[in-house]
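Heads up: the structure comes next, in structure tokens.
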Amino acid sequence: MNNLKISTRLILLVGVLSALLMAVGLLGLQGMGSSNDSLKTVYEDRTVALGQLAEVQFRMLSNAYLLGQVSADSTPAVLNKFGDQLDTNSNAITKVWGAYMATYLTPQEADIAKKFAEAEVAFFESRMTEIPV
């Protein structure tokens, strides 16, 4: 090493430091890519699912209200008016619930979702038996 000229030593030093800088930069880019992939999963499996659950909740509350209205006044005009809205809400719930169930669910979430689906069917069936036809 002592036999090398100063310019050669400087070129070698700059080359080694440049290689180290590039290696650190590549590691940083790889880490950012991994972070972006993780955040994409959080968005797709959590944030979008939260919106889906909010829509299901809204439509179920709407159905509960409509069933209450039909129970209170079961004239044919009311049945026709609210029956269409109930069908629309029920179809939307089925579609959104299917999309929610297609996302990644932890075992605890899957268990809660199963219990919810069973409770929803039981609630809807119990309310439907109260409506005189």
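The values are calculated or read from the model by the stated rules, or taken from the named source; none is laboratory data. None of the values given here were measured: they were computed from a predicted structure. Quick reminder, even Gly has a Cβ in these numbers, built from the backbone with ideal geometry, and neighbours come from all protein chains shown. Surface accessibility is based on the protein's heavy atoms, side chains included, excluding ligands, DNA and RNA. Shrake-Rupley method; radii C 1.70, N 1.55, O 1.52, S 1.80 Å.
Some observations on this one:
- The label-point distance for Lys114 and Thr75, in a model that sets each label 7 Å from Cα toward Cβ, rounds to 4.7 nm.
- HN-Hα J in Hz across the range 21-26 - Karplus 6.51, -1.76, 1.60, θ = phi - 60°, x for Gly and Pro: 5, 5, 5, 5, x, 5
- Scaling the Cα radius of gyration of the chain by the globular reference 2.2 N^0.38 Å produces a ratio of 2.15.
- The order of Thr106, Thr41 by accessible area, most exposed first and with a 1.4 Å probe, is Thr41, Thr106.
- Shape category assigned to the range 1-43 from the gyration tensor of Cα positions, a/c cut at 1.5: prolate
- Table column - 3J(HN,Hα) (Hz), the range 68-74, Karplus curve with 6.51, -1.76, 1.60, x for Gly and Pro: x, 5, 5, 5, 6, 9, 9
- Translational diffusion coefficient (Stokes-Einstein; Kirkwood radius from C-alpha pairs) of the range 41-80 at 37 °C, 0.692 mPa s, in µm²/s: 275 µm²/s
- When Rg and the Kirkwood Rh are both derived from Cα coordinates, the Rg/Rh ratio for the range 16-71 amounts to 1.58.
- Assuming charge only on the beta carbon of Lys and Arg (+1) and of Asp and Glu (-1), the dipole of the range 1-85 about its Cα centre is about 660 debye to the nearest 20.
- 37 °C / 0.692 mPa s Stokes-Einstein diffusion coefficient of the range 56-133, Kirkwood radius on C-alpha pairs, µm²/s: 242 µm²/s
- Hz values of 3J(HN,Hα) by residue in the range 28-38 - Karplus curve (6.51, -1.76, 1.60), Gly and Pro given as x: x, 5, 5, x, 5, x, 5, 5, 4, 5, 5
- 1.4 Å probe accessible area per residue over the range 9-90, in Å²: 71 Å²
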